[in-house]
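Asker: Please read through the structure below; I'll follow up with questions.
The values are calculated or read from the model by the stated rules, or taken from the named source; none is laboratory data. Predicted, not measured: the structure shown is a model, and the values here were computed from it. Backbone-built Cβ (ideal geometry, glycine too); neighbour counts: all protein chains shown.
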Amino acid sequence: MIRIEVPLNNGRGYPVLVGPGAANELAQVVPDAAQRVAVITQEGIGVNVDPGREHRVFLVPDGEQAKTLSNVENLCRSLAQWGLTRQDCIVGVGGGVVTDLAGFTAASYHRGTPVIHVATTLLGQIDAAIGGKTGVNLPEGKNLVGAFWQPTAVLCDTATLATLPVAEMRSGLGEMAKYHFLGGQDLAGLSFDEKVARCGEIKAQIVAEDERESGRRAILNYGHTLGHALETTGQYGLRHGEAVAIGLIFAAHLAASLGRIDQQRVTEHYQTVTGYDLNVDLPAGTDHQELLAVMGRDKKALNGLTFALDGPQGVEVVADIKPQDVLQTLNQMEEKRGTSHE
């Protein structure tokens, strides 16, 4: 078992446990004051947990479409009817959809109830479950309503990945590719469990520096601005990490067009993303103007179009990007579709 600490201020840090069987540690990390535990999960997850005290399972629907305010309301009402108190505990068992819903429900119910995440997908283990960002979607965009609510602990049971569908695994690999450019130059030489832990460690360090995403933490959105736009339109059939992988390539091209990186660095992006057997091309028939409009509604867009972009000092948040530069980069990617990327 690999143990990572998320070192937050005022003694609010928490452990992240990575390895096969990590879910079996749940009873050891439930707060002592909790008498009841509400387990939020999905029908098809198939991971049973024992929090070591009275508990009840609450099911949420599958898919990104489950991340709605109405489902948060349904959960809160069910918890109230059961009699869950603010000293009890909520446990989210599943991938990013579950941990987002469970986390936001915990942040909202009684204005804050302890939450523990048992992440069962690669995407959840290396990204979604760590860091305290919770949220649900609106028709206008992903994660536009949410809260910062840090968990009590995160359990990343890598044994659950053995039965993960190939498409879901690829989604996680898209996020893993991102970490190569956020300080994870050593990822290539690690075992799989060590890679999961290293990604979590990088995220923990960044979260500790900027818990509320007022500055540096926004670099964790590298590749996400276009990625979220591709997801939000809903017509390309891409999972989150698959969209992020394309977003990484887009961000590299955009950074090169702005003179922030050279062509060799763009090639490194292609090599890293294709090294995880991920697609690097824009979907056929993408509507560039629609993508531009959705990217303009991104949460980071405080001063015009805003992107996390690579550069001489590494990945940074860059604001006030001109729309014509974005459209030119999208056109450039269109021209490269299906060609050699070396």
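Asker: Just to be sure I understand the filter: pairs with C-beta atoms under 6 Å, separated by 6 or more residues or on different chains, first member in the stretch 197-214 and within 16 Å of residue 129 (Cβ to Cβ) and in contact (Cβ under 8 Å) with a residue 24 or more places away in the chain, second member basic (Lys, Arg) and in a helix (DSSP H, G or I). Which pairs pass?
Answerer: 206/217
Asker: Moving on. Is it true that residue 38 is in contact with a helix residue (DSSP H, G or I) (Cβ under 6 Å, 6 or more places away or on another chain) and not basic (Lys, Arg)?
Answerer: The answer is yes for residue 38.
Asker: Going residue by residue through the stretch 309-317, is there one that turns out to be surrounded by fewer than 16 Cβ atoms within 10 Å (Cβ to Cβ), within 25 Å of residue 175 (Cβ to Cβ) and of a type in the set (A, V, I, L, M)? Full working, then the answer.
Answerer: Step one: list which residues in the stretch 309-317 are surrounded by fewer than 16 Cβ atoms within 10 Å (Cβ to Cβ), which gives 311-314.
Okay, now just the ones that are also within 25 Å of residue 175 (Cβ to Cβ), so 311-314.
From what's left, of a type in the set (A, V, I, L, M): none.
Looking through the stretch 309-317, none of the residues is surrounded by fewer than 16 Cβ atoms within 10 Å (Cβ to Cβ), within 25 Å of residue 175 (Cβ to Cβ) and of a type in the set (A, V, I, L, M).
Asker: Of everything in the stretch 51-71 that's assigned to a loop (DSSP other than H, G, I, E, B) and small (Gly, Ala, Ser), which residue is farthest from residue 134 (Cα to Cα)?
Answerer: Result: 52.
Asker: Working carefully through the options 48, 24, 74, 10, find the one that is assigned to a helix (DSSP H, G or I), exposed (fewer than 14 other Cβ atoms within 10 Å of the Cβ) and not aliphatic (A, V, I, L, M).
Answerer: Answer to the selection: 10.
Asker: For the stretch 86-106, indicate whether the set of residues that are assigned by TED's automatic domain parsing to the domain that holds residue 121, of a type outside the set (Asp, Glu), over 19 Å from residue 135 (Cβ atoms) and surrounded by fewer than 22 Cβ atoms within 10 Å (Cβ to Cβ) is non-empty.
Answerer: There is at least one residue in the stretch 86-106 that is assigned by TED's automatic domain parsing to the domain that holds residue 121, of a type outside the set (Asp, Glu), over 19 Å from residue 135 (Cβ atoms) and surrounded by fewer than 22 Cβ atoms within 10 Å (Cβ to Cβ).
Asker: Restricting to the stretch 202-212, what's the tally of residues that are over 14 Å from residue 175 (Cβ atoms) and crowded, with 19+ Cβ neighbours inside 10 Å?
Answerer: Matching residues across the stretch 202-212 total 2.
Asker: Can you give me the number of residues within the stretch 202-228 that are out of contact with any Lys or Arg (no Cβ under 9 Å at 6 or more places or on another chain) and under 21 Å from residue 325 (Cα atoms)?
Answerer: Residues meeting the conditions: 3.
Asker: Quick one: would you say residue 157 is more than 17 Å from residue 317 (Cβ to Cβ), within 15 Å of the chain's Cα centre (by Cα) and among the acidic types (Asp, Glu)?
Answerer: Here the answer is no, as residue 157 does not meet what is asked.
Asker: Going by what's in this entry, would residue 158 be described as hydroxyl-bearing (Ser, Thr, Tyr), assigned by TED's automatic domain parsing to the domain that holds residue 40 and over 24 Å from residue 272 (Cβ atoms)?
Answerer: no
Asker: Just to verify a result, which residue in the stretch 82-117, among those that are part of a strand (DSSP E or B) and free of Cβ contacts under 8 Å to residues at least 40 places away in the same chain, is nearest to residue 55 (Cα to Cα)?
Answerer: Checking each candidate, the answer is 115.
Asker: Looking at the stretch 264-285, can you tell me whether even one residue there is aliphatic (A, V, I, L, M), assigned to a strand (DSSP E or B) and not assigned by TED's automatic domain parsing to the domain that holds residue 172?
Answerer: No, the conditions are met nowhere in the stretch 264-285.
Asker: Looking at (1) modelled with pLDDT under 95; (2) closer than 27 Å to residue 19 by Cβ; (3) surrounded by fewer than 24 Cβ atoms within 10 Å (Cβ to Cβ), find the lone condition where residue 127 falls short.
Answerer: The failed condition is (3).
Asker: For residue 80, state whether it is over 29 Å from residue 170 (Cβ atoms), loosely packed, with under 14 Cβ neighbours inside 10 Å, modelled with pLDDT of 95 or more and aliphatic (A, V, I, L, M).
Answerer: Working: over 29 Å from residue 170 (Cβ atoms): yes; loosely packed, with under 14 Cβ neighbours inside 10 Å: yes; modelled with pLDDT of 95 or more: yes; aliphatic (A, V, I, L, M): yes.
So residue 80 fits the description; yes.
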